[in-house]
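First the structure, in the form of structure tokens, and then the observations on it.
Any read-out appearing in this document is the output of simple, stated calculations on the displayed coordinates, not a laboratory observation. Given the structure is predicted, the values throughout are model-derived calculations rather than measurements. Here the Cβ positions follow ideal geometry from the backbone for every residue, glycine too, while neighbour counts run over all protein chains shown.
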């Protein structure tokens, strides 16, 4: 009787051990999930973008005396001006300037136009601005997997650039740090491992 009990115990223990082992999340599985997730931007790894205003006024001055029409100017300054000039030099955008006047007030209307070269990286446009892609990312490698329990695992990974567009060449830093190690949680369900996208 004792022998039968030991045999039964060994079978149950072996079965549980086998189930526990087969539940472990391996690197190829984690890599597959994360690669797909990052490509569809389902987690914190997003593409980087830059927004550029379509128009602004500048160079206001009075020409004569009396009550002049007053126009508020809002030209780009500092880093924004450097960025505009960089994109102009790269042939990504063009700047149209039109002199206007009313009464004794004079000013310049500035309008940004996107060139064919720049349109390749245009991801959104509305009445007031353009949005351009500057950089996108893909999974580089899995650096470690820590099984907190049999049904929960933390996966650490790194990403690398998929693309830096001409609009992104202006920047030294991006919205995603490729030197950083990121982490995501996985949970084990009845149909296998699932990536937690929250």
Checklist entry - So if we plug the beta-carbon distance of residue 175 and residue 54 into 1/(1 + (r/R0)^6) with R0 = 30 Å, what FRET efficiency do we get, rounded to 0.05? => result 0.85
Checklist entry - Want the number for residue 83 to residue 63: 0.36 nm per residue separation, take away the alpha-carbon distance, what's left? => result 4.0 nm
Item to check | Net lengthening on full extension, residue 27/residue 127 (0.36 nm per residue, minus Cα-Cα) | outcome: 31.4 nm
Next on the checklist: Can you tell me the length gained on complete extension of the stretch residue 73 to residue 161, counting 0.36 nm per residue apart and subtracting the Cα distance?
Outcome noted: 27.8 nm
Checklist outcome for this item: The rounded separation in angstrom of the Cα centers of segment 149-198 and segment 45-61 is 30
Next on the checklist: Give me 174, 189, 130 sorted ascending by neighbouring Cβ count inside 10 Å, so fewest comes first.
Outcome noted: 189, 174, 130
